[in-house]
Amino acid sequence: MALILYHYWRSSASWRVRWALAHKGIAFDKVAVNLLTSEQRADAHRDRNPIGHVPALEVSPGRHLAESVAIIEWLEETHPQQPLYPSDPWARARVRQVCELVNAGIQPLQNLIVLDKVSADAEGKKAWAHEFNLRGMRALEALLTEIDGELGEGSFAVGSSLTAADLFVVPQVYSARRFGVDLAPFPRVLRAEASALATPHADGARPESQPDAPAA
Ligand SMILES: N[C@@H](CCC(=O)N[C@@H](CS)C(=O)NCC(=O)O)C(=O)O
């Protein structure tokens, strides 16, 4: 059985996993879970991921793995081709730090369920998401610059090839843009984004390339 990814076109956490699968050349099928109609909170999806988030990966009939960090690390261990983590322990730790900065420090604050509690109106939600994305971009710019000082200046988030760090940074930059953050003050982050998006499997993982994305 091919792996089945339960995802949503604009979900940044789904994008990370789509990209990891494509980068490693792993065959998978996609099933869209519509966040706008709250499909993620239905029992059918909670059976895949008890917290009611996408993504979830069905790895064998009825057996699901959720949380993009856990999924990507599992993929790395089971499909070591086209590695997404450096072998050097320090560089590897830095990759994980970048992933967690996004995964724990930025993305949860802009989640739908949070925005719905923060404000009833679209402008209130956007202002909140803008603030935390801006704070996150500042932190990423500082961290990537610090890592350059240790590992030598790289064009990707960490070093000179695509790593899991890029799979977390690029979708977050997309969100920051969506919430109106001016990215000009973050040239190091933008350099990582440009390098990562130029890699061979980037395009197919982008939100606009997904079958459930609305027609442009
Ligand atoms: N840490 C989780 C985050 C998952 C997550 O927050 N997914 C969002 C979309 S990016 C979601 O399903 N939100 C639904 C909601 O807020 O109701 C991961 O990396 O998989």
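Computed from the coordinates by the stated procedures, all read-outs in this text should not be read as laboratory data. Small disclaimer: the values here were computed from a predicted structure and weren't measured. Cβ sites come from the backbone with ideal geometry, for glycine too, and all protein chains shown count toward neighbours.
Observations
- For the chain, with +1 on Lys and Arg beta carbons and -1 on Asp and Glu, the positive-most of 21, 129, 105 along the dipole: 129
- Extension reserve of the residue 213-residue 47 stretch, reckoned as 0.36 nm per residue once the Cα distance is removed: 57.3 nm
- Length added when fully stretched, residue 184-residue 131, from 0.36 nm per residue minus Cα-Cα: 17.5 nm
- The stretch 169-188 and the stretch 17-96 have Cα centres separated by 23 Å.
- Neighbours of residue 28, meaning other residues whose beta-carbon lies under 12 angstrom from its beta-carbon, give a summed charge of +1 when Lys and Arg score +1 and Asp and Glu score -1.
- Rounded to 5, percent antiparallel among DSSP beta bridges of the chain: 60
- Taking label points 7 Å from Cα along the Cα-to-Cβ direction, residue 93 and residue 34 give a separation of 4.7 nm.
- Kirkwood analysis of the stretch 89-197, using all unique Cα-Cα pairs, places the hydrodynamic radius at 14.0 Å.
- Each label point was placed 7 Å from the Cα along the Cα-to-Cβ direction; for residue 77 and residue 112 their separation is 3.1 nm.
- Taking 20 Å as the straight-line reach from the Cα of residue 125, the lysines in range (excluding those fewer than 8 positions away in the same chain) are 117.
- Residues whose amide H comes within less than 5 Å of that of residue 30, counting only those at least five positions distant or on another chain, are 5 (H built at 1.01 Å from N in the peptide plane).
- Of the DSSP H helices in the chain, those whose Cα atoms cover at least 30 Å axially and whose Kyte score averages -1.0 or more: 122-151
- Under a Gaussian network description of the chain, with springs only between Cα atoms under 10 Å, the residue in 37, 199, 145 that fluctuates furthest is 37.
- Between 55, 171, 83, the Gaussian network model of the chain with springs among Cα atoms under 10 angstrom shows the greatest mean-square fluctuation at 83.
- Here the simple spin-label model places points 7 Å from the Cα toward Cβ, and for residue 139 and residue 70 these points are separated by 2.2 nm.
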